[in-house]
Every structure is written in C-alpha cells, then in structure tokens.
Amino acid sequence: MEKIIDGEKLNVPEHVAIILDGNGRWAKKRFMPRNFGHKAGAKNVEQICEDAWNMGIKYLTVYVFSTENWKRSVEEVTGIMNLLRNYLETSIERSNRENMRVRIIGDRSRLADDINKAIDKLETATAKNTGLNFTMALNYGGRDEIRRAVTKIAEEVKKGKLLPEEITEDLINAHLDTAELPYPDLLIRTSGEERTSNYLPWQLAYSEFYFTDVLWPDFDRACLLEAVRHYTNRDRRFGGVK
Ligand code: IPE
Ligand code: IPE
Ligand code: MG
C-alpha cells in the first residue's frame with residue numbers, strides 16, 4: 001500500500017514478519033545477564049506494534065521462542081517464560097485499548113498449562129479487534145509446523161474425508177498455524193545474522209528479506225522505517241517478468 005510517511009512516499013508491506021534477535025548480545029554489551037536483554041526486547045515488541053500500525057502495517061508476526069530454544073539454560077528458558085506470563089497478563093487491556101488482535105502460532109502442547117490458559121484468554125478477548133493483527137510464534141519451528149500439518153492431512157485421508165489428489169497448496173496452507181494470515185511481504189532479522197532459523201519456511205517462499213546489524217532492543221521506529229524504505233525499492237516479480 002502506498003503511503004506518505006514523514007513526507008516520503010513509501011510502499012508499506014501489509015504483513016511484516018520479524019526474527020527479533022540479539023537480546024543476549026545487547027545485555028552482554030551492558031555486562032548484564034541475558035534475561036535483562038529479553039526484558040528490554042519484550043518491551044520493544046510493544047512499541048514496535050504501535051509503530052507498525054501507525055505506519056499502515058496490518059499484520060506483524062514475531063518469532064519469540066523457537067522449538068530449538070529449549071536448548072538454552074534452564075535459567076534463561078524460565079526467565080523467558082516468566083516474561084511471557086507477564087506479557088500475556090498485561091496485554092489484554094493494552095491490546096483492547098489499541099484495538100489489536102493477538103494470535104499465537106507454534107506447538108502449544110509443550111507450554112505450561114497456565115501459559116496456555118492465558119493465551120486462550122488473550123486470543124478470545126481480542127478476537128473482535130480490527131486493528132493490528134499481531135502474532136507471536138511460541139515454541140514455533142517451521143519444520144515442526146509442516147510435520148503437524150502433514151499429520152492432520154494424513155488423518156483426514158485415512159478417515160476417507162480427503163483424497164490424496166485433493167491435497168493442494170491451498171489445502172496445505174489451511175492446515176498450517178498461519179492459516180488465517182496472508183503470507184509475509186517482508187521478513188526482518190535483527191542482530192546481523194542472515195538466516196531464517198526455522199521461521200515460516202513455507203510462508204516466506206516469496207517474501208523480501210531485510211537484515212540489519214541493529215540488536216533487537218535497539219530496533220526502533222526509524223529502523224522499521226528504514227526496512228520499509230528498502231522494501232519500497234524491491235521489485236517483486238513472483239517468477240514473472242515485468
Ligand atoms: C532473541 O535474542 C530472543 C530469543 C531467541 C528468545 P537472543 O537471545 O537469541 O540473543 P543473542 O542472539 O544471543 O544475542
Ligand atoms: C531465532 O533466534 C529464534 C528467535 C528469535 C525466537 P536464535 O538466536 O535462536 O537463532 P540462531 O540460533 O542464531 O540460529
Ligand atoms: Mg540469537
């Protein structure tokens with residue numbers, strides 16, 4: 001969508017996916033424990049949601065905790081889960097105030113019962129909101145998401161509800177956690193790493209990628225605007241010729 005932002009004509013992506021990375025290094029630079037970085041990172045997510053919506057972005061999908069992040073120390077994982085508890089608790093009021101709809105993607109079966117209850121509560125409480133569609137990927141892994149989708153499809157075939165030839169790309173997409181979301185237009189990864197780390201492999205097939213050295217807690221409105229500026233200059237051909 002074309003929009004004038006700060007006097008500049010920009011092509012604003014409808015759906016932005018973010019791999020928020022660099023919380024640990026941000027803390028280390030300050031001689032602080034890693035969880036100090038996660039706390040600052042969580043705060044920044046709230047701010048970026050506001051900035052994204054004000055820029056005209058309709059969907060924001062952030063990678064909060066991967067299926068591989070359980071490899072980290074118990075102390076770090078516990079710290080992240082507690083931050084999440086705190087976030088879920090305070091976000092109903094804030095999300096409703098900002099008219100934001102919140103969704104969670106990922107395998108919820110490994111999350112604690114109280115976290116799952118808080119997620120249900122938040123998703124239900126914000127389901128009718130018409131502002132930013134904010135999605136958090138929790139215990140999310142793209143390969144695991146595809147595995148879960150394939151299992152569901154196989155069960156339908158086994159029960160005779162579906163024929164193998166009826167398995168189309170649309171049908172596969174409808175069985176992914178992101179079934180309700182459009183594909184991301186732009187993927188942003190902070191902290192200088194240039195890989196997707198198992199994030200949305202199916203959905204990012206035709207997305208534009210933008211990498212920045214900025215560490216996530218420092219990623220502000222100006223950084224988001226810079227990413228949108230880069231996106232504006234991209235020529236998306238989807239395999240065709242322009
Ligand atoms: C991203 O920051 C947050 C999570 C993966 C939970 P990191 O914790 O990966 O920070 P770095 O990469 O170690 O700096
Ligand atoms: C990806 O970041 C996961 C999240 C941002 C939640 P990581 O820091 O875990 O990824 P790697 O280990 O650098 O690939
Ligand atoms: Mg990292």
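Among the residues of segment 197-235, the ones that are among the β-branched types (Val, Ile, Thr) and more than 11 Å from ASP21 (Cα to Cα) come to 2 in all. The set of residues in segment 151-200 being aliphatic (A, V, I, L, M) and farther than 30 Å from GLY24 by Cβ consists of ILE153, ALA154, VAL157, LEU162, LEU163, ILE167, LEU171, ILE172, ALA174, ALA179. Of the strands (runs of 3 or more DSSP E) lying entirely inside segment 121-226, not one is found with 1 or more residues being surrounded by fewer than 19 Cβ atoms within 10 Å (Cβ to Cβ) and at pLDDT below 95. Would you confirm whether or not segment 73-87 contains a residue that is open to solvent by 40 Å² or more (accessible area, probe 1.4 Å), within 16 Å of ligand 3 (Cβ to nearest atom) and either over 27 Å from LEU204 (Cβ atoms) or acidic (Asp, Glu) (or both)? Yes: one or more hits. From PHE36, PHE31, which residue is more than 16 Å from ligand 3 (Cβ to nearest atom) and open to solvent by 20 Å² or more (accessible area, probe 1.4 Å)? So the residue among PHE36, PHE31 that is more than 16 Å from ligand 3 (Cβ to nearest atom) and open to solvent by 20 Å² or more (accessible area, probe 1.4 Å) is PHE31. Of the residues making up segment 200-233, those that are more than 16 Å from ligand 1 (Cβ to nearest atom) and within 30 Å of ALA149 (Cβ to Cβ) are PRO201, TRP202, GLN203, LEU204, ALA205, TYR206, SER207, GLU208, PHE209, TYR210, ALA227, TYR231. Can you tell me which residue in segment 39-65 is most open to solvent (accessible area, probe 1.4 Å), limited to those that are closer than 14 Å to ASN82 by Cβ and either part of a strand (DSSP E or B) or among the aromatic types (Phe, Trp, Tyr) (or both)? So, considering only residues that are closer than 14 Å to ASN82 by Cβ and either part of a strand (DSSP E or B) or among the aromatic types (Phe, Trp, Tyr) (or both), the one most open to solvent (accessible area, probe 1.4 Å) is VAL64.
All of ASN11, ASN23 fail the test of being within 12 Å of ligand 1 (Cβ to nearest atom) and touching a helix residue (DSSP H, G or I) at 6+ places or on another chain (Cβ under 6 Å), apart from ASN23.
The values are calculated or read from the model by the stated rules, or taken from the named source; none is laboratory data. Just so you know, these numbers come straight off a predicted model, no measurement behind them. Cβ atoms come from the backbone with ideal geometry, glycine included; neighbour counts cover every protein chain shown. Quick note on the areas: whole protein, heavy atoms, side chains included, nothing else; ligands and nucleic acids left out. Shrake-Rupley method; radii C 1.70, N 1.55, O 1.52, S 1.80 Å.
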